[in-house]
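Engineer: To start, I am sharing the structure in question, which I have written as structure tokens.
The values are calculated or read from the model by the stated rules, or taken from the named source; none is laboratory data. Given the structure is predicted, the values throughout are model-derived calculations rather than measurements. Note that each Cβ is placed from the backbone with ideal geometry, even for glycine, and that neighbours are counted across all protein chains shown.
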């Protein structure tokens, strides 16, 4: 069961039981017994990213994947504003994507003694309709419905899920490298901190 910090809302309302994938041995055919699944942060995933987008070299995952049926609601974990949105249409990319900018005490803590700074959250693999009527600068409330998960036909070619990633570096467009080269791990983990800081202890 997820341990959810009270300061933040759930991005996806998870049931008591869900599956946590282990992709460190590469892709495989699982008979997953759960409707909801988690894909881990800071995980090497050999053989999974084979489209030209990844150059055959990037396989270290620096977000968290939350898998659920297409159409599952995706919520904003905190108050913020729409930073950017668009469709990353390369094979294997995010498809419809939203980036929200938040002003947060960082790193998050219960005593809130840290300095407030901008933190960007990327939500990828969404439904196309999630981008309807969005505007840059639009306010987003904590816990508000932000999007829904897309189908495989619209989300870059993946089974339905949301890729959730935090960034301490402002994106130049509605995109972030969700998978990096292993040699770049140290810098990537600084730039893209563990999403469980706001999602809670999902695993």
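Engineer: Do the conditions hold for residue 137, that is, is it surrounded by 12 or more Cβ atoms within 10 Å (Cβ to Cβ), at positive phi and either in a loop (DSSP other than H, G, I, E, B) or out of contact with any strand residue (DSSP E or B) (no Cβ under 7 Å at 6 or more places or on another chain) (or both)?
Structural biologist: No, not satisfied.
Engineer: Sticking with this one: Here's a check for you: in region 140-153, which residue that is in a strand (DSSP E or B) and touching a helix residue (DSSP H, G or I) at 6+ places or on another chain (Cβ under 8 Å) is surrounded by the fewest Cβ atoms within 10 Å (Cβ to Cβ)?
Structural biologist: The selected residue is 148.
Engineer: Does residue 156 meet the test of being part of a loop (DSSP other than H, G, I, E, B), at pLDDT below 95 and either in contact with a helix residue (DSSP H, G or I) (Cβ under 7 Å, 6 or more places away or on another chain) or closer than 19 Å to residue 64 by Cβ (or both)?
Structural biologist: Answer is yes for this residue.
Engineer: Something else: Report, by residue number, each residue of region 7-35 that is farther than 13 Å from residue 201 by Cα and outside any loop (DSSP other than H, G, I, E, B).
Structural biologist: If the condition is that a residue be farther than 13 Å from residue 201 by Cα and outside any loop (DSSP other than H, G, I, E, B), then 19 is the only one that fits.
Engineer: While we're looking at this one, here's another question. Give region 36-49 a look and list any residue that's touching a helix residue (DSSP H, G or I) at 6+ places or on another chain (Cβ under 7 Å) and either loosely packed, with under 13 Cβ neighbours inside 10 Å or part of a strand (DSSP E or B) (or both), or say none.
Structural biologist: The one that is touching a helix residue (DSSP H, G or I) at 6+ places or on another chain (Cβ under 7 Å) and either loosely packed, with under 13 Cβ neighbours inside 10 Å or part of a strand (DSSP E or B) (or both): 44.
Engineer: Ok, one more. How about region 167-187: which of its residues are part of a strand (DSSP E or B) and more than 11 Å from residue 99 (Cβ to Cβ)?
Structural biologist: 179, 180, 181
Engineer: I need the full set of residues from region 68-81 which are part of a loop (DSSP other than H, G, I, E, B) and either over 28 Å from residue 117 (Cβ atoms) or touching a helix residue (DSSP H, G or I) at 6+ places or on another chain (Cβ under 9 Å) (or both), in order please.
Structural biologist: 68, 69, 70, 71, 72, 77, 78
Engineer: In region 40-66, how many are free of Cβ contacts under 8 Å to residues at least 60 places away in the same chain and touching a strand residue (DSSP E or B) at 6+ places or on another chain (Cβ under 7 Å)?
Structural biologist: The qualifying residues number 3.
Engineer: Within region 50-67, can you find the residues that are within 15 Å of the chain's Cα centre (by Cα) and either surrounded by fewer than 23 Cβ atoms within 10 Å (Cβ to Cβ) or not in a loop (DSSP other than H, G, I, E, B) (or both)?
Structural biologist: Matches in region 50-67: 60, 61, 64, 65, 66, 67.
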